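To start, the structure itself, in structure tokens.
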Amino acid sequence: MNHIVIIGAGQAAAQAIVSLRQGGYEEAITLVGDEQELPYQRPPLSKKYLSGEMEAERLFFRGQEYYDNENVTLKLGCRATAISADKKTVTLEDQSDLAFSKLIICTGSRPRQLPLPGAELKNIFDVRTIADIDAMKPAFTPGKKLIIIGGGYIGLETAAVACKMGLETTVIEAADRVLARVTDSVMSAFYQRVHAEEGVTILTGTGVAGLHGTEVTVSGVELSDGRILEADCVVVGIGIVPNTELAEAAGLDVDNGIVVNDVARTSHPDIYAAGDCTQHPNDLLGRRLRLESVQNAIEQGKAAASDILGTPVAYHQIPWFWSDQYDVKLQIVGMSGDHDKIVTRGDLNSRSFAVFYFKGDQLTAVDAVNRPGEFMVAKKLVHRAAEGDVFEPDKLADESLSAKDLMAL
């Protein structure tokens with residue numbers, strides 16, 4: 001009997017189920033998830049769910065009725081502890097085994113832990129799960145002092161919500177600018193300005209030496225220069241680690257993620273992997289990469305399902321991402337890390353502009369700030385550029401040309 005087992009209950013897993021059923025697969029599917037909740041979306045956690053604008057039920061991709069109607073067995077609050085590639089079984093924490101004909105590993109990632117004294121104190125939070133946010137919400141009350149360690153997207157998005165909720169918010173970043181790992185200094189300067197305008201204190205080039213507590217609860221953060229900042233609560237956002245341990249123990253190829261091909265198949269012919277936990281090829285970018293994005297999880301879930309269904313559709317797309325902070329929606333196309341020229345469209349001192357990144361003559365990425373038109377165009381232009389089209393920087397910067405006009409370049 002055919003039986004597809006899916007480990008993990010995030011975006012990639014939910015998409016794989018939908019694609020399998022829509023593609024005509026009618027046999028058994030079992031999803032194993034270590035959280036109690038139905039598969040849910042994570043991006044709203046640090047934004048609308050934290051602020052109270054979104055109820056937990058709205059986070060779920062589908063309700064229980066969908067899984068019942070589609071004959072999908074959900075094993076929630078249940079951890080997979082081992083995979084036997086030879087026997088084609090998944091062992092669960094209760095020591096029972098699930099036999100599979102195909103396996104899809106969607107184990108995602110986990111927050112990088114703070115390796116410092118005091119990290120075990122109460123009121124120190126990660127931002128990854130519904131349980132994390134539920135634990136955090138009671139501490140997020142007006143007037144409280146919040147310290148956020150890490151100036152990446154998660155840290156800055158959390159800071160924006162906390163500021164609007166009336167918390168006295170400070171972000172500590174070890175690098176010399178926020179978002180240093182993921183974007184250009186132009187965007188770092190923009191976000192530092194926006195957060196300062198909204199009342200958030202950002203300390204860059206500042207390390208953390210430890211956390212202090214009163215009995216069992218955090219009360220302060222000690223900086224590398226010896227200063228101690230008062231804190232009623234602390235959020236840690238210093239990156240994530242792909243959950244590859246099960247795959248590695250099963251003998252699958254792992255290299256900064258579970259190594260997969262362009263239909264999400266691992267080094268074992270009957271085992272697939274999708275989402276944050278994978279490292280995959282991208283012919284448009286000419287390299288392999290690991291991505292932490294909704295788009296990647298969705299498309300790899302689709303790719304895995306297509307191969308299992310016998311109608312493989314390879315996944316090679318220009319990556320795109322987004323971030324919401326205050327009244328600013330940043331939409332990103334491509335990977336801007338390896339560039340040698342930038343061109344701006346609009347005023348960088350405003351809250352509406354676009355930045356175009358070039359490597360030589362090739363357009364490689366675009367950051368669109370409150371510019372949905374430019375974002376939609378950028379998805380096509382960056383794809384065309386990857387296939388050899390060349391665009392004149394001056395025309396991209398020319399605001400006498402509409403976003404629609406740029407499509408004709």
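The values are calculated or read from the model by the stated rules, or taken from the named source; none is laboratory data. What you see is a predicted model, and the numbers here were worked out from it, not measured in a lab. Heads up, the Cβs are rebuilt from the backbone with ideal geometry, glycines too, and the neighbour counts pull from every protein chain shown. Accessible surface areas use protein heavy atoms only, side chains included; no ligands, DNA or RNA. Shrake-Rupley method; radii C 1.70, N 1.55, O 1.52, S 1.80 Å.
Numbers for the structure displayed
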quantity: Net length gained if the chain between residue 91 and residue 70 were fully extended (0.36 nm per residue, minus Cα distance); calculated: 5.1 nm
quantity: Accessible area of segment 327-408 belonging to carbon and sulfur atoms, whole % at 1.4 Å probe; calculated: 49 percent
quantity: Label point 7 Å beyond Cα of residue 225 along Cβ direction - residues of segment 173-193 with amide nitrogen under 13 Å; calculated: 173
quantity: Nearby aspartates and glutamates by direct alpha-carbon distance to residue 48 (threshold 17 angstrom, same-chain neighbours under 8 apart not counted); calculated: 57, 126, 132, 134, 157, 324, 327
quantity: Cleavage-rule hits, GluC sites (Glu not before Pro), segment 110-194, DSSP coil, Cβ neighbours within 10 Å at most 15; calculated: 120
quantity: Helix-only CD estimate at 222 nm, as mean residue ellipticity for the chain, using -39500 (n - 2.57) per DSSP H run (n ≥ 4); calculated: -7000 deg cm²/dmol
quantity: Hypothetical label at residue 99: residues of segment 251-276 whose amide nitrogen lies under 18 Å (7 Å Cα-Cβ projection); calculated: 270-271
quantity: GNM flexibility winner over the chain from 260, 390, 18 (Cα, springs under 10 Å); calculated: 390
quantity: Accessible-area composition of segment 1-104, carbon plus sulfur, in percent [1.4 Å probe]; calculated: 41 percent
quantity: Accessible surface, the chain, averaged per residue in Å² (probe 1.4 Å); calculated: 43 Å²
quantity: Whole-percent carbon and sulfur share, accessible surface of segment 258-307, 1.4 Å; calculated: 45 percent
quantity: The chain, relative contact order [Cα under 8 Å, separation at least 6], %; calculated: 14 percent
quantity: Separation in nanometres of the label points that stand 7 Å from Cα toward Cβ, at residue 2 and residue 383; calculated: 2.9 nm
quantity: Three-way shape call for segment 51-125 based on the alpha-carbon gyration tensor, with the a/c threshold at 1.5; calculated: oblate
quantity: Cβ-based charge dipole, the chain, positive-most Cα from 187, 4, 115; calculated: 187
quantity: Residue among 80, 131, 305 with the largest mean-square fluctuation in a Gaussian network model of the chain, springs linking Cα atoms under 10 Å; calculated: 131
